[in-house]
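We did not get these values from a lab; they are worked out from the coordinates using the rules stated. All figures in this text were calculated on a predicted structure; none of them were measured in a lab. Because the Cβ atoms are built from the backbone with ideal geometry, glycine has one as well, and the counts that use them run over all protein chains shown.
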Amino acid sequence: MEFLKNLIIDSFNGFSPKLIPLFILQLLVAGFLAYLLQKVVNRKFDKEIITHAVIIAVGIALIAAISKYALPLAVLSSSAIIILGLRQQTDKNDLLGLFLTVVIGIGCGSGYLVLTCLGLIVLLPIIFLLPIKK
């Protein structure tokens, strides 16, 4: 029984079970902000510029939260996801959408919920109001 207890404690890798609600909040906020970004950008261009933003942002937030204290792992994981996403991106606006989605995921996953929300509140009107050309 002691072995199982030690195995479970070691599996948390220093993560306190008391922080699980905060972890879930980080993932939910990342998904919500990515959804807002996707709606605003797609409405701006009248076509699907950003697709699957919620899944990408939550995945990046998950990676950032897991590797919060291991910067090389976070950079490597996020870079791999961006490179995989770039294989299908052909337009600069698509690349901008993917970049902003990844930024939302990294910001929320690393615990900067308020700063990420404030940044998106400033960024969304700029995207919607300024003329962005192809």
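How would Thr116, Thr51 line up from fewest to most surrounding beta-carbon atoms within 10 angstrom?
Details: Thr116 23, Thr51 14.
Sorted ascending by nearby Cβ count, the order is Thr51, Thr116.
Of Lys47/Lys92; Lys5/Lys68; Lys68/Lys92, which sit over 21 Å apart, Cα to Cα? Can you show the working numbers first?
Working: Lys47/Lys92 14 Å; Lys5/Lys68 24 Å; Lys68/Lys92 30 Å.
Over 21 Å apart, Cα to Cα: Lys5/Lys68; Lys68/Lys92.
Using the Karplus curve 6.51 cos²θ - 1.76 cosθ + 1.60 with θ = phi - 60°, work out ³J(HN,Hα) for each residue of segment 99-104 in order, rounded to whole Hz, and write x for Gly and Pro.
Using θ = phi - 60°, the values come out as 4, 5, 5, 5, 4, 4 Hz.
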